[in-house]
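Notes follow the structure.
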């Protein structure tokens, strides 16, 4: 698969979308191509045309059929397009046949390769870079064969099926293919080992958080829904935001003090998208698994996007794919400042699936205080009301209790301080020996 990292804005691109029957995708074919167009623009390409095809069955050779391939060739010639991007993932056979039909001068990509390339450009941490490289190599491995077919055709003096005397001779293409496969397999093994080491470090940090009992609020959402903008608004920090798909990939975690005085950790995650490459989901599993250990999930949605409800469903599908338990969720309708008319009725519609839903503008700061209040309320609703008697000589325990609970009131006695608190069930065992029955 050709990388496009070094492409310039002048490189012209044709998009190809296929709708099969029955239609079960989250987005229609035109909606999906609109999204693919934004992905191409994020990668630095200029989309000059698109072509669609509705099929009862995918063509085994060229994916879209010979007639549509001829139409695609004419469109490429008409616009002088240098790149063709398919909206669905292509098999090695489809790639090979399409390249033969379109010519080697035309770069051929699919949605998965495009997303992987964008991830490679935007991942800046060591962990993110390792995860993206792993996903790229696992995507590339089964597609290596087509890279060397031209060498195999040039080989002479024998045949891969056997020459004179029945002795099989390998051509240079086949030899290089085996070398490349071994090298990529070795790199994949090394990357997995490095990622496992980082995963162990992440587990250690998670255990420390558990011991300190800092509640974790995971921010999830479709790409470009405004998750980074929300984290910036919550923390007041200069966090990078941009109006493009996958502007930020590396997860960020920041402490925020809630109105009750309790500190929580807000953790931003990678944005989701429909047809997210399976290799990418697998590579980022250790990062995405942070969501599984959250105390609360903020699902951020772009209320101004025409397909926002489908985006919400797509995000929930990915969460189900990584086996996220039914953790309490709040649905956050972002970008209300960009709506031309009144709020859509569904932004205020109660949902049994979400603990609450709220309308905000992360960019303008609208609704942020109300969101913090709601987060505080939801987390408090999970707490137990317990009183503890802490001896004066155990100032360390008293400090931990103040740090890990919401103190309702305190009373000083001759032997110690009686503290009435709201405390998480998981924290209670740390102080159970000091429980006070009034």
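Just so it is clear, none of the values below were taken in a lab; they were calculated from the coordinates. Every value quoted in this text rests on a predicted model; they were computed, and no experiment measured them. Reconstructed Cβ throughout: ideal geometry from the backbone, glycine too, with neighbour counts over all protein chains shown.
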How many nm is it between the label spots at residue 313 and residue 256, if each spot is 7 Å from the Cα in line with the beta carbon? 2.9 nm
With just the Cα atoms of region 384-434, tell me how far they stretch along each of the three principal axes, in Å, largest first. 29, 18, 17
Here, residue 187 and residue 201, labelled 7 Å along Cα→Cβ, have an inter-label distance in nm of 2.2 nm
Any chance you could run the full-extension gain for residue 180 through residue 129? It's 0.36 nm times the residue separation minus the Cα-Cα distance, nm to one decimal. 16.2 nm
